[in-house]
Amino acid sequence: MKNHLFSIVLILVCALQVSAQRTVEHQNLYWVKYQAVIPLSDQWRLKPSIENRRYFEGNRQHMWLLTLDADRKLKNGWHAGVGFTRWSILLPSDPASEFEVTQGEWRPYEYLTHSSRLSDRFTLSSRYLMEERIRKNVGVDPASGAPVIQDGYFFHFRFRMKAQLEYRLTPSDAAIPVHIAVFDELLVQFGTDKIDNIFDQNRISGLLKFGVGKQTDLSLGYINWYQQAASGSAYVQRNILTLYANQKF
């Protein structure tokens, strides 16, 4: 319980500090994701996923993510896991831009998660995740101002801390279980001189999750994504609608 409260307080303090900034660009996106949960044993499970992120404006591509991770059940509600993401983003991050350049990234990561029941209907969970981001170098064409993919990669770390509160709306034996949840996630980065901002972004979300079978659930949600640009001098606020499918085998 103390771990969860510490996470919530730290995330909220950082979110309040960030919200004081005023130079902000606004964008609207939608994310669609499918994740499978495949048990390997009583302790281990495999979780592959694919996610497509697009702007509403012009239905322009923003990101693709292909992820594979595995975690192990520990004691007292803890899980420990490792994973790998192949990430790509269409640059610039502007739905109205005439330029289209894809930057790739290789992203291994490690994480700890914890979940505890506060009551029959309330569940509190947290996640602590460290990413090692290996990103393709990008420059700017001096004539056109377009982003240009360059040789080589640059490396940095990103630490993510997430706290989530979930409430079950339906009885425990309902044919279609329904839950609501809210979460806040703080992302900070370090380890390179190419990024001027330690704070990367904060995500605040609410979602509605419902079962569509014994092994599958769907969630509809909204994320308020507030991000500082790599230069440290500008910010982006994104309104994101999410549709996620989670299937257990």
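Across the stretch 169-177, not a single residue is classified as in contact (Cβ under 8 Å) with a residue 12 or more places away in the chain and in contact with a Leu (Cβ under 6 Å, 6 or more places away or on another chain). For the stretch 81-89, the criterion of being open to solvent by 30 Å² or more (accessible area, probe 1.4 Å), among the basic types (K, R) and part of a strand (DSSP E or B) is met by at least one residue.
Which ones in the stretch 208-225 are buried (at least 18 other Cβ atoms within 10 Å of the Cβ) and under 30 Å from F190 (Cα atoms)? Within the stretch 208-225, G221, I223, W225 qualify. Screening L186 against (1) out of contact with any helix residue (DSSP H, G or I) (no Cβ under 6 Å at 6 or more places or on another chain); (2) within 27 Å of Y34 (Cα to Cα); (3) of a type outside the set (V, I, T) leaves a single unmet condition, (1).
Tell me, which residue of the stretch 144-159 that is farther than 14 Å from Q103 by Cβ and in a loop (DSSP other than H, G, I, E, B) is least open to solvent (accessible area, probe 1.4 Å)? So, considering only residues that are farther than 14 Å from Q103 by Cβ and in a loop (DSSP other than H, G, I, E, B), the one least open to solvent (accessible area, probe 1.4 Å) is G145.
The values are calculated or read from the model by the stated rules, or taken from the named source; none is laboratory data. Note that the structure is predicted; figures quoted are calculated from it, not measured. Cβ sites come from the backbone with ideal geometry, for glycine too, and all protein chains shown count toward neighbours. Keep in mind that these areas ignore ligands, DNA and RNA; they rest on the heavy atoms of the full protein, side chains included. Shrake-Rupley method; radii C 1.70, N 1.55, O 1.52, S 1.80 Å.
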